[in-house]
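The values are calculated or read from the model by the stated rules, or taken from the named source; none is laboratory data. No experiment lies behind these values; they were computed from the predicted model shown. Glycine also receives a Cβ, built like all others from the backbone with ideal geometry; neighbour counts cover every protein chain displayed.
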Amino acid sequence: MKRLLGRLLPRFAKYAARETYDWLRRLPNVPDAYLHPWRRTSRSRIAALYDCHRDERCFIMGNGPSLRQMDLGRLRGEITFGMNRVYPSFADWGFATTYYVSINDLVVQQCAAEIQALPTTKFIAWHANRFFQRFPEDLIFLYTTYTGPGFQLDMTRRIWEGATVTNVALQLAYYMGIQQVVLIGVDHRFKTSGAPNQTVTSQGDDEDHFSPDYFGKGFRWQLPDLQTSEAGYRLAREAFRRGGREVVDATIGGDLRVFPKVDYNSLFPS
């Protein structure tokens, strides 16, 4: 009898686990994102980063043309967040950003292999997980959503994207305990025109970002929704204010007016 039970119990446990999983995923209020092993592991990984940079400062790097006017070498040794197609410039700058964030399916689909190879901690929207074949230890999937608005204090839960990856980076910075966020390269204006979120294909050099090859010829990308982005920025400003922290904007000549402006060079005492 003991031998029989020894053979049957593992099979029963496996069957019960499979049936429970199938039953849970059919419930309307339990998204599959919470049940997938990659998602469960991601929640553990992001939980381990809570308050990891308490009382420190960081730089969130937008990808606007104004970055070309800045001495980015000063950011070596700083906590930095890079986003989307920032990484081809790592070699020129002499450093890789501390963290990398991308939430746009078009970017991830066209760049998944390059993103996966980046030598830094990577945060990717869960809805883009299908573009990855492996799940390395430095990759974390975030459960982001287009519906909102809101500023999420617990990054293990659902996160409003706020129409821009910069808003997700702001929420990550807060979760990690950052005291002061400095925005750079957030020009908040685009030469390419069209409806918000419209998918376009670049026809030549990219004039809307710091490199002509950023979204170069043939690259598919979505036009910005600046109004919704600003709504997210205002939520971030208030969340940081309530927490006794701050977000400042050191972008050179940027059009964003939500955060206090500071001079980039003044942040690095001689």
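So, in segment 132-155, exactly how many residues are touching a Lys or Arg at 6+ places or on another chain (Cβ under 7 Å), in a loop (DSSP other than H, G, I, E, B) and among the aromatic types (F, W, Y)?
Result for segment 132-155: 1.
Which of the residues spanning segment 156-177 are of a type in the set (V, I, T), assigned to a loop (DSSP other than H, G, I, E, B) and more than 17 Å from A47 (Cβ to Cβ)?
Step one: filter segment 156-177 for residues of a type in the set (V, I, T), giving 156, 159, 164-166, 168.
Still in the running and assigned to a loop (DSSP other than H, G, I, E, B): 156, 164.
Selection gives T164 alone.
Any residue at all in segment 39-54 that is crowded, with 18+ Cβ neighbours inside 10 Å, farther than 30 Å from S266 by Cβ, among the small types (G, A, S) and at pLDDT 95 or above?
yes
Could you check how many residues of segment 178-199 are of a type in the set (S, T, Y) and either free of Cβ contacts under 8 Å to residues at least 60 places away in the same chain or assigned to a loop (DSSP other than H, G, I, E, B) (or both)?
Qualifying residue count, segment 178-199: 2.
Go through S211, S193, S229, S202 for me and flag whichever is at pLDDT below 95 and either in contact with a Phe, Trp or Tyr (Cβ under 8 Å, 6 or more places away or on another chain) or among the small types (G, A, S) (or both).
Working: S211 fails: at pLDDT below 95; S229 fails: at pLDDT below 95; S202 fails: at pLDDT below 95.
The conditions single out S193.
Kindly indicate whether F59 is out of contact with any Gly (no Cβ under 9 Å at 6 or more places or on another chain), of a type in the set (F, W, Y) and either in contact (Cβ under 8 Å) with a residue 40 or more places away in the chain or part of a helix (DSSP H, G or I) (or both). Walk me through it before giving the result.
Numbers: out of contact with any Gly (no Cβ under 9 Å at 6 or more places or on another chain): yes; of a type in the set (F, W, Y): yes; either in contact (Cβ under 8 Å) with a residue 40 or more places away in the chain or part of a helix (DSSP H, G or I) (or both): yes.
Judged against the criteria, F59 is a match.
Pick from segment 73-103 the residues that are part of a helix (DSSP H, G or I) and farther than 22 Å from G216 by Cα: which of them is nearest to the chain's Cα centre (by Cα)? Lay out the reasoning, then the answer.
Filtering segment 73-103 for residues part of a helix (DSSP H, G or I) gives 73-75, 84-93.
Next, only the ones that are farther than 22 Å from G216 by Cα stay: 73-75.
Values: G73: 22, R74: 23, L75: 19 Å.
Filtering first and then ranking leaves L75.
If you take the residues of segment 126-154 that are acidic (D, E) and over 29 Å from E238 (Cβ atoms), which of them is farthest from the chain's Cα centre (by Cα)? Working first, answer last.
Here is the first cut: in segment 126-154, the residues acidic (D, E) are 137-138, 154.
Of the ones still in play, those that are also over 29 Å from E238 (Cβ atoms) are 137-138.
Numbers: E137: 17, D138: 14 Å.
Among residues in segment 126-154 that are acidic (D, E) and over 29 Å from E238 (Cβ atoms), the one farthest from the chain's Cα centre (by Cα) is E137.
Here is a yes/no grid of residues against (1) surrounded by fewer than 16 Cβ atoms within 10 Å (Cβ to Cβ); (2) basic (K, R); (3) closer than 25 Å to G177 by Cα; (4) in contact with a Leu (Cβ under 9 Å, 6 or more places away or on another chain):
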site: G73; (1), (2), (3), (4): yes, no, yes, no
site: P88; (1), (2), (3), (4): yes, no, no, no
site: S102; (1), (2), (3), (4): no, no, yes, no
site: V107; (1), (2), (3), (4): no, no, no, no
site: F123; (1), (2), (3), (4): no, no, yes, yes
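Search segment 236-264 for residues being touching a residue at least 40 places away in the same chain (Cβ under 8 Å), not in a loop (DSSP other than H, G, I, E, B) and not acidic (D, E), and hand back the single one that is nearest to L75 (Cα to Cα). First the steps, then the outcome.
Just the residues of segment 236-264 that are touching a residue at least 40 places away in the same chain (Cβ under 8 Å), to begin with: 236, 238-240, 243, 245-256, 259, 262, 264.
Retained after the next criterion (residues that are not in a loop (DSSP other than H, G, I, E, B)): 236, 238-240, 246-249, 264.
From the residues that got through so far, the ones that are not acidic (D, E) too are 236, 239-240, 247-248, 264.
On the way: A236: 23, A239: 25, F240: 22, V247: 17, V248: 16, Y264: 11 Å.
Looking at residues that are touching a residue at least 40 places away in the same chain (Cβ under 8 Å), not in a loop (DSSP other than H, G, I, E, B) and not acidic (D, E), I get Y264.
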